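Notes to accompany the following structure.
The values are calculated or read from the model by the stated rules, or taken from the named source; none is laboratory data. What you are looking at is a predicted structure, and each value in this text was computed from that prediction instead of being measured. Methodologically, a virtual Cβ is constructed for each residue, glycine included, from the backbone with ideal geometry; neighbour enumeration extends over all protein chains shown. These accessible areas exclude ligands, DNA and RNA; they are computed on the full protein's heavy atoms, side chains included. Shrake-Rupley method; radii C 1.70, N 1.55, O 1.52, S 1.80 Å.
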Amino acid sequence: MSKNILTIDKLSMRFGGILALDNVSFEVEKGSITALIGPNGAGKTTVFNCITGFYKATSGALTLHTRQEPTSINKVLGQPFQLDDIFKPRQLASRIFYKMFGGTHRVNMAGLARTFQNIQLFNDLTVIENLQIAQHNTVNKSLFAGVFNTKAFKESEQASIDRAYELLEVFNLTADANRLAGEMSYGQQRRLEIARAICTNPEMIALDEPAAGLNPNETEALAKMIQMLRTEFKMTVMLIEHDMGMVMKVSDFIIVLDHGEVIAKGTPDEILNNPKVIAAYLGVDDDEVAA
Amino acid sequence: MNIKHSFLDAFVAAILATIVFGPIMGIVLDGYSFNLDVPRVAIIVGIIFVGRFVFQLTISTQGGRDFFQQFEKGRAGSIEVTDPGIKTVLAKAIPFIMLAAAILPFFIGKYWITILILAYIYILLGLGLNIVVGLAGLLDLGFVAFYAIGAYGLALGSEYLGIGFWIALPMSAILAASFGAILGFPVLRMHGDYLAIVTLGFGEIIRLVLNNWSAFTHGPNGASAPPATLFNLEFKRTAAEGYTPFHEFFNIDYNSTHRYIFIYLLVLIAVAFALRLKHRLVKMPIGRAWEALRENEIACRSLGMNHVTIKLSAFMMGAAIAGVAGVFFAAKDGFVNPASFSFIESALILAIVVLGGLGSTVGVVIAALLVILIPEVMREFSEYRYLVFGLLMVIMMIIRPRGLITIKRDRKFSTKGEGAVVETKQGEGAA
Amino acid sequence: MDSLAIILQQLVNGLTLGSVYGLIAIGYTMVYGIIGMINFAHGDLYMVSAYLTAIFLALLSFFGIDSLPVVLFLTLLGTMAITGVYGWVIERVAYRPLRNSTRLAPLISAIGISFVLQEYVRINQGSNDQGIPALLFGAVRVPVGNDFFQITYSQILIIVVSLLGMGLLTYVIQKTELGRQCRATQMDRKMSGILGIHTDRIISTVFVIGAAMGAVAGVLVTLNYGSFNFSSGFIIGIKAFTAAVLGGIGSLPGAMLGGIVLGMAESLFSGLVNTDYKDVFAFGLLVTVMIFKPSGLLGKPAVEKV
């Protein structure tokens, strides 16, 4: 069993003529809180979209080590057919299977959940329903049981509601359980999105700018919550964040991205004193850094 | 009040109206020549001028602006979270309505029974399409293809395979759903709007094949379909080999109305079942998933839901219901031909769903009844019905794109009773 | 008949048909490119323009104008202008209020407008087929071996006018200020608005251009085939949309290319395989393209923004 939960090897992503990510490689250690930082446009969200399966990487290998087995993110998104498939029927069958039934959702099913920079909630559904939808893969989906409202179905539904309330308690949202998600405040929506991601029982969670738009008090509370994700829920956390105070406080490990390349990796202290990082943030000429 | 501005605005509108309506309404082609019809152009331009003038005057006042603002509000929020288990007056009345509907055919003539059967078939179609469009948010413009598959399933099934109504009913549903799966699986992973045009193309392909493949489908002449039977009792004056006519078995006089009453009751049962299904679906994980996909596909995918198969399930379920409706349609007429399955039918079903309010069950039932019955009651209206449906579709989309009826969502409580206690505090504030 | 002659004849017919599809496809592709909506009523605008053509021809002959070039020019101009106004009014009344509405709303509204246009024409002009007298006679015959294929003068007119229209439009979009604004709005509507482009006006312009191009097709087809009715916009509308998708929706040259490819494929199919199933073939092609190459021949694959 690897001690890393996620390994990224030479990830590149090209949009038309633009090389958004260039040979990005890093690992995320199991049980850690890892931050991905960098100036605007550095490619942080692109990295997130690649590892959570929203983009298919142009090249590179992305592997998750969750649920006691490695999962190739490239594979579950569906790969183009290769010539040697003809001789390897098993490989061909798996390719066809993932072409048909693969996709972004497989990454979540493998145990990596995420939140978004622009909050993505089901605004016209209630908070509880938002959390129930996240349990789609675990509830009783039998058509028969549902139509005839059997005992097993009722129990499964109630269990999903109870699970939702447990999480609302943790995220201090119980009072809003039966409100529409869209009518809550921004900070509440951020918390709900994290709670909803946890509902899918992930082993790792990727938070894209969780503190964006929060006031200092809310950011403080968020930092505690992120630490709680590790202690209470035993999750590995990876986050993109611009609030350096918070990043330095919560993370064990930091990866710095600039112009689609990893320019530094290390503990917060190492990053804080890295000249390349300072240059990237303060905008020093490239040749000066080299010197 | 700004009279000058309003007048100018109305004047511009009148000029545009003259350009738009002038040639087509005013100059009626007659062979290679034409007849002038100036008065009707003058009337419509006059109406537009006055209408625009009054509208502009109204919104230049505070009261007028407030009045139109109501519609803006209606567009934004029409969702209410209510306690579960509270039965509305309508819910309490449903058994009585069903009972009344069940005894109705014994008091009306054959003509009206057939009209009502058709209306119920359209309720079924409307409910089926409502699952696809209203719940899952997938615009299916080839819905009539699945209806045709159901109808031809009975007609051709009995001709080539010798199956009867009762076998055809589930078979057609499965057949239609399979076609839905074959079409939907590759298409549903694409951008939403493409689905509309692909299903439209598919609907036309089915109709053209039915029309042109004469050797198999008898082409435009159509195919005959067997009527429904009650435990092998046929509703005919003289039954086929091995069957007994219904009237002989019960020792009553033959009456051709019996056959229609029987189909009427069967369709009514199907409608009741479909209503129940729809009612339950929205409370089930799959129905929730459909609504979630309609709301936000990106979020769904991030939560481990396979958007393709979930959409496909809605698409197939809608198709299956249309297939069942098709079997009833074929059994009612005893005959099918491709002309019954043109695009206008798909559009009519869509009109029912849109006018009833996307996602609303009651709305669809009422809209289907109105759409089928009004042209029967008011003959002069039938000339204009599609024009009116078209206008209403546009107006509905502008005023209330989410439908006329307030959507109700259930409150949900934990076993410990959380959610209920807080409700009293939060109730007013949240609404 | 010589099979080579048949093929060449079908290619000529296909080129003619394809030019028409291309002209109509422009309306779909530009509107889709700029506001991401399938303008369902576009095919019906083409139908309206066919009626307008007949009305203009009847009016001109009533006023005793019978010089063919003058008649053709005035008919073309008048039909384009009025159809353009239709395009503007429809956008203003039925689509603009829905700019921020649900995703399905504009699509459903467009279907409603399609109904309205068809029924409005049917109620006012009757449901029978209408026609115009033949104006252009004659053809160029090209010998092939023992046989020949021919291009009628009206086919030449269709091809030439279509190409001229396309060329002019490409020039406008690529070289003029208006064209720059259109392209900017297509790329990023919000940003263009911030930069001072009157995006609502640009969107209206695109609708007018699309409608006018559809009107050119309406005039040309009516001159060539002579007969039409209130529902003739439906099938040709879907096929033109197929052409737009085939060429890559959102791409202007793609629309024309898609139109010609579809026209030729359809003509060859109906000439060599089966006429009854030519529409099935075209729709089948639509479904196939959407499944296997949704970005079309010249379109760029869309990247989803997360």
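What are the residue pairs meeting all of these: first residue in region B:255-273, first residue more than 14 Å from B:LEU99 (Cα to Cα) and hydrophobic (A, V, I, L, M, F, W, C), second residue in a helix (DSSP H, G or I) and modelled with pLDDT under 85, Cβ atoms under 9 Å, and 6 or more apart or on different chains? Hits for this filter: B:ILE261/B:PRO105; B:ILE261/B:PHE106; B:ILE261/B:LYS110; B:PHE262/B:PHE246.
Filtering region B:1-21 to residues that are over 18 Å from C:ILE90 (Cβ atoms) and open to solvent by 60 Å² or more (accessible area, probe 1.4 Å) leaves B:MET1, B:ASN2, B:ILE3, B:LYS4, B:HIS5, B:PHE7, B:LEU8, B:PHE11. Among helices (runs of 4 or more DSSP H) entirely within region A:42-160, having at least 3 residues that are within 30 Å of A:ALA279 (Cα to Cα) singles out A:44-51. Considered as a group, the residues in region A:265-289 that are among the hydrophobic types (A, V, I, L, M, F, W, C) and closer than 27 Å to A:MET225 by Cβ include one that is modelled with the highest pLDDT, and that residue is A:ILE271.
The condition of being polar (S, T, N, Q), open to solvent by 30 Å² or more (accessible area, probe 1.4 Å) and within 23 Å of the chain's Cα centre (by Cα) holds for B:SER178.
Candidates C:VAL216, C:VAL221: the one that is modelled with pLDDT of 85 or more and either in contact with a Gly (Cβ under 7 Å, 6 or more places away or on another chain) or over 22 Å from C:ILE156 (Cβ atoms) (or both) is C:VAL216. If you go through region A:112-132 and pick out every residue that is facing chain B (nearest Cβ under 9 Å), touching a strand residue (DSSP E or B) at 6+ places or on another chain (Cβ under 6 Å) and aliphatic (A, V, I, L, M), you end up with 1.
Only one of (1) of a type in the set (S, T, N, Q); (2) open to solvent by 40 Å² or more (accessible area, probe 1.4 Å); (3) in contact with a Phe, Trp or Tyr (Cβ under 8 Å, 6 or more places away or on another chain) is not met by A:ASN130, so which one is it? Failing condition for A:ASN130: (2). Within region B:24-49, the set of residues being within 15 Å of C:ILE123 (Cβ to Cβ), assigned to a helix (DSSP H, G or I) and out of contact with any Asp or Glu (no Cβ under 9 Å at 6 or more places or on another chain) comprises B:ILE24, B:ARG40, B:VAL41, B:ILE43, B:ILE44.
Residues in region C:103-129 that are open to solvent by 20 Å² or more (accessible area, probe 1.4 Å) and of a type in the set (S, T, N, Q) were compared, and the one that is nearest to B:GLU297 (Cα to Cα) is C:GLN118. For region C:244-255, indicate whether the set of residues that are open to solvent by less than 40 Å² (accessible area, probe 1.4 Å), within 14 Å of chain B (Cβ to nearest Cβ) and within 25 Å of C:ILE6 (Cα to Cα) is non-empty. No, region C:244-255 contains no residue that is open to solvent by less than 40 Å² (accessible area, probe 1.4 Å), within 14 Å of chain B (Cβ to nearest Cβ) and within 25 Å of C:ILE6 (Cα to Cα). For C:GLY87, indicate whether it is assigned to a helix (DSSP H, G or I) and either more than 14 Å from every other protein chain (Cβ to nearest Cβ) or open to solvent by 10 Å² or more (accessible area, probe 1.4 Å) (or both). So C:GLY87 fails the test. Answer yes or no: is there a residue in region C:235-242 that is free of Cβ contacts under 8 Å to residues at least 40 places away in the same chain and open to solvent by 10 Å² or more (accessible area, probe 1.4 Å). No: zero hits.
Can A:THR115 be described as in contact with a Pro (Cβ under 7 Å, 6 or more places away or on another chain) and modelled with pLDDT of 85 or more? Yes; evaluated as a whole, the condition is true for this residue. Considering only residues in region A:133-153 that are at the interface with chain B (Cβ under 7 Å from one of its Cβ atoms) and buried (at least 18 other Cβ atoms within 10 Å of the Cβ), the one that is nearest to B:GLU295 (Cα to Cα) turns out to be A:ILE133. Considering region B:293-381, the qualifying helices (runs of 4 or more DSSP H), each wholly inside and each with 3 or more residues that are at pLDDT below 90, run over B:307-333, B:343-356, B:361-377.
Of all the criteria given as (1) within 25 Å of C:GLN9 (Cβ to Cβ); (2) open to solvent by 20 Å² or more (accessible area, probe 1.4 Å); (3) not basic (Lys, Arg), the one not satisfied by C:ALA282 is (2).
Restricting region B:139-175 to residues that are more than 14 Å from the chain's Cα centre (by Cα) and outside any helix (DSSP H, G or I), the residue that is farthest from B:GLU295 (Cα to Cα) is B:GLY162.
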